[in-house]
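What follows is a short report on a single structure.
The values are calculated or read from the model by the stated rules, or taken from the named source; none is laboratory data. All of these numbers come straight from a predicted model, not from anything done at the bench. All Cβ positions, glycine included, derive from the backbone under ideal geometry; neighbour counts span all protein chains shown. The accessibility values were calculated without ligands, DNA or RNA, using every heavy atom of the protein model including side chains. Shrake-Rupley method; radii C 1.70, N 1.55, O 1.52, S 1.80 Å.
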Amino acid sequence: NNNNNNNNVKTSFMFSKPQTTLQLSAENNNSASKLPFWLDPGTRGGAIVLSVLLFVVPIIVYAVLTSPLFGLDGIEVGKYIGIGFTFILTILWVATYIFRVATKDMTYVSIAEQNIAEQNIMEMNIMEQRRVSILLHSIRATKTILRMTPC
């Protein structure tokens, strides 16, 4: 009976279990994204659709420019599309990287912050458990002293 009371006291002082990294990233993605799931590069659908678009768009541009409407040479068009496509995507990639570094929205920074928060919660739980055990030990000692003293 006494042991059950001790467990109840310990759990009442415990903090709630910390969320996992997956739960936190899912919450951040849900609140930050305003795009539909098939355009958001943070989702599977968005990754697939954007990959297909990045593959198909240069082919369509090549087909249009080499068609009888424009009548350009296929080799020259292919060179310029390849160079232009690579240059534009490289500039966009560097811009997103610089933006993520400037806003500190990088994966390792987010994980490090989550780990620090979880460690702080665990340390607080340990501190609370120590306080409870010291308090319970003090109560037990007081009860023992009271029982030993004659009235």
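Data for the structure
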item: Failed condition for I121, given (1) touching a Ser or Thr at 6+ places or on another chain (Cβ under 7 Å); (2) farther than 30 Å from P41 by Cα; result: (1)
item: Every residue from the range 107-124 that is exposed (fewer than 11 other Cβ atoms within 10 Å of the Cβ) and at pLDDT below 85; result: T107, Y108, E123
item: Condition met for T66 (modelled with pLDDT of 90 or more and within 31 Å of the chain's Cα centre (by Cα)); result: no
item: Hits in the range 85-106 (condition: farther than 19 Å from L54 by Cβ and open to solvent by less than 100 Å² (accessible area, probe 1.4 Å)); result: R100, V101, A102, T103, D105, M106
item: In the range 35-81, residue surrounded by the most Cβ atoms within 10 Å (Cβ to Cβ) [restricted to those that are of a type in the set (S, T, N, Q) and closer than 19 Å to T96 by Cα]; result: T43
